[in-house]
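Novice: Structure provided below as structure tokens; questions to follow.
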Amino acid sequence: MRKEEMKKEIMRVVVLFSGNASSLKYLLETSPNINQSYKIVGAFTDRKDAPGIKLVKGAGIKLKY
């Protein structure tokens with residue numbers, strides 16, 4: 001793939017978390033590149049009681065356990 005084509009393509013990102021999903025929170029709230037160079041399309045957690053689940057659901061991101 002040429003460099004010009006890569007710039008146009010939006011990367012689909014999945015986030016893994018087991019606690020507060022602080023990395024996801026950063027990406028959603030402060031990253032200037034969200035929806036320009038990447039889009040968060042899903043999240044996985046190993047804990048059904050993880051506090052970050054509320055953030056994931058509130059952002060409308062698909063969640064898997």
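Novice: Quick check for me: using +1 on Lys/Arg Cβ and -1 on Asp/Glu Cβ, what's the dipole size of the chain about its Cα centre, in debye to the nearest 20?
Specialist: Using only the charged Cβ atoms, the result is roughly 140 debye.
Novice: Which distance in nm do the two modelled labels at Phe44 and Leu63 give, with both placed 7 Å along the Cα-to-Cβ direction?
Specialist: A separation of 1.7 nm, rounded to one decimal place.
Novice: Further, regarding this structure: Tell me what the chain gives for mean residue ellipticity at 222 nm when only DSSP H runs of n ≥ 4 count, each as -39,500 (n - 2.57), the sum divided by the residue total, rounded to 500 deg cm²/dmol. Don't skip to the answer; put the middle values down first.
Specialist: Details: 3 runs with 22 residues, N = 65.
Taking each H run of at least 4 residues, the total per residue is -8500 deg cm²/dmol.
Novice: Within the chain, which is the longest segment containing none of the trypsin sites (Lys or Arg not before Pro) that sit in a DSSP loop and have at most 10 other Cβ atoms within 10 Å?
Specialist: It works out to 3-47.
Novice: With the crude spin-label approximation of a point 7 Å out along Cα→Cβ, what separation in nm comes out for Lys8 versus Glu29?
Specialist: 3.6 nm
Novice: What residues have an amide H closer than 5 Å to that of Asn20, excluding those fewer than 5 places away on the same chain, when H is modeled at 1.01 Å from N in the peptide plane?
Specialist: Sorted by chain and number, the residues that satisfy this are Gly52.
Novice: Which of the pairs Lys25/Lys64; Lys25/Lys54; Lys8/Lys64; Lys8/Lys62 have their Cα atoms more than 22 Å apart in this structure? Show your work: numbers first, answer last.
Specialist: On the way: Lys25/Lys64 17 Å; Lys25/Lys54 11 Å; Lys8/Lys64 29 Å; Lys8/Lys62 24 Å.
Lys8/Lys64; Lys8/Lys62, as the Cα separations exceed 22 Å there.
Novice: Here are a few candidate values for P(r) over Cα pairs in 5 Å bins from 0, in percent: (i) 4, 18, 18, 13, 11, 9, 8, 7, 6, 4, 2, 1; (ii) 3, 16, 19, 18, 14, 11, 8, 6, 4, 2; (iii) 4, 17, 28, 21, 13, 9, 6, 3, 1. Which one was actually calculated from the structure I just gave you?
Specialist: Answer label, from the structure shown: (iii).
Every read-out reported here was derived from the displayed coordinates using simple, explicitly stated rules and does not represent laboratory data. Fair warning: this is a prediction, and the values are worked out from it, not measured in the lab. Neighbour counts are summed over all protein chains in view; Cβ atoms, including those assigned to glycine, are modelled from backbone coordinates with ideal geometry.
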